[in-house]
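The structure appears below as structure tokens.
Throughout, read-outs are computed from the coordinates displayed, never taken from laboratory work. These figures come from a predicted structure and were not determined experimentally. Reconstructed Cβ throughout: ideal geometry from the backbone, glycine too, with neighbour counts over all protein chains shown.
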Amino acid sequence: MTPIQNCILNKNTKINPIWIMRQAGRYLPEFREIRLKNPDFIKLCLNTNLSSEITLQPIRRFDFDAAIIFSDILMLPYGLGQEVKFEKGLGPKLGKIDLDSITKVNKDEFSEKLNPIYKSISNISSNTICKNKDIIGFVGAPWTILVYMINKMSPKKSLSKEIFNDKLFIKKLLSIIEKFLKIHIENQIKSGATIIQIFDSWAGLLKDNISEFIYEPTLNLANHVRKLNVPVICFPRGIKNYKNFCEVVRPDMVNIDYNVDPKKIINEIQIPVQGGLDPKVLLTDKENLHTEVTKYLQIFKDHPYVFNLGHGILPETKIEMVEELVKIVRDFK
């Protein structure tokens, strides 16, 4: 059994597996070299050979306990026919939603469009470097995908209330999103993903209707993953009540963000926990890194815990700081 599955399924507290969100990405010089020659981000995600190579880069460097496929949560709207492009310095820009057109998309058409991603997962899972490591597939949570598709860009710190004006439209779109997220999950698992992580990047934006837009649709996805006999990790970033979320959604493991007090989490949550460290700590010095990393390891010493960050690793992070991070976690007793 892999270290992460051992932690999740056997509730093993004697090990602290480690991987980091966005580990295959912008902080790696070998990734930046590929990116320079491949400016179209969507095309890069759909280049099976290159996305496989990018996924393996951090495994070669740091020997993490999991490989997470190089892809993006916005491949879902792309698969449904909505225009998705990434502009430097601005992030994702999405095109107009044509609900009639989206409604006509079928499972085969969607799966074929995203097939290079599934081929990448298959490549990774059969690579000897990933022996005894988990292959993490992922999706955005229904709420977060809905926000991007309607907002047509990152909502940053606020979300227009106009998003809720057409309730029938929202209900139809959310239903389509949920349906195709399940298909996307199934395809990743069939291709070799051993864990699915659900990223709710904008869970913290929602003040009302949390049950309708976060708990219920995420529970539906989590139940779907469980039926496929694969553990599910949920990351409801910025949500105010992790305890309620875990009691309703019942993920196999929850990823906490860096604004959460880990001491509160350890007192409130029984299930395995992942993450928490502020990515900015990796921009400081090794002494501070040791203090902050050890704090999390000590707090979760007698609790099933996978070391990770409370958000994605920052592009300006130095390689030697990641090497030090891995050493601290591996050496902790």
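Structure values in brief
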read-out: Charge-dipole axis of segment 3-331 as Lys and Arg at +1 and Asp and Glu at -1 on Cβ define it, positive-most pick from 135, 146, 267; value: 146
read-out: Relative contact order (%) - criterion: Cα under 8 Å, at least six apart; region: segment 3-331; value: 21
read-out: Virtual paramagnetic centre 7 Å along Cα→Cβ of residue 35, amide N under 18 Å, in segment 259-287; value: 279-280, 282-283
read-out: Tail beyond 21 Å, pair distance distribution of segment 1-132 (Cα, percent); value: 50
read-out: Exposure proxy order (Cβ contacts within 10 Å, fewest to most) of 239, 299, 195; value: 299, 239, 195
read-out: Rounded D (µm²/s) - segment 137-200, Kirkwood Rh over Cα pairs, Stokes-Einstein at 25 °C, 0.890 mPa s; value: 191
read-out: 222 nm mean residue ellipticity, helices alone, for the chain (DSSP H n ≥ 4; -39,500 (n - 2.57); rounded to 500); value: -13500 deg cm²/dmol
read-out: Extension gain from residue 316 to residue 11, taking 0.36 nm per residue of separation minus the Cα-Cα distance; value: 106.3 nm
read-out: On Cα atoms only, tilt of 115-125 relative to the major axis of the chain in degrees; value: 20
read-out: Length added when fully stretched, residue 212-residue 26, from 0.36 nm per residue minus Cα-Cα; value: 63.5 nm
read-out: Per-selection Rg to Rh, segment 38-92 - Cα, Kirkwood hydrodynamic radius; value: 1.03
read-out: Fewest-first sequence of 303, 290, 311 by Cβ atoms within 10 Å of each Cβ; value: 290, 303, 311
read-out: Sorted by Cβ density within 10 Å, fewest first, the residues 257, 208; value: 208, 257
read-out: Proximal lysines relative to residue 85, as straight alpha-carbon distance under 20 Å, when same-chain residues fewer than 8 apart are discounted; value: 37, 43, 93, 96, 113, 152, 156
read-out: Listed values (1) 24.1, 81; (2) 18.9, 57; (3) 24.7, 100, entry calculated as Rg and Dmax of the Cα atoms in Å; value: (2)
read-out: Three-way shape call for segment 282-322 based on the alpha-carbon gyration tensor, with the a/c threshold at 1.5; value: oblate
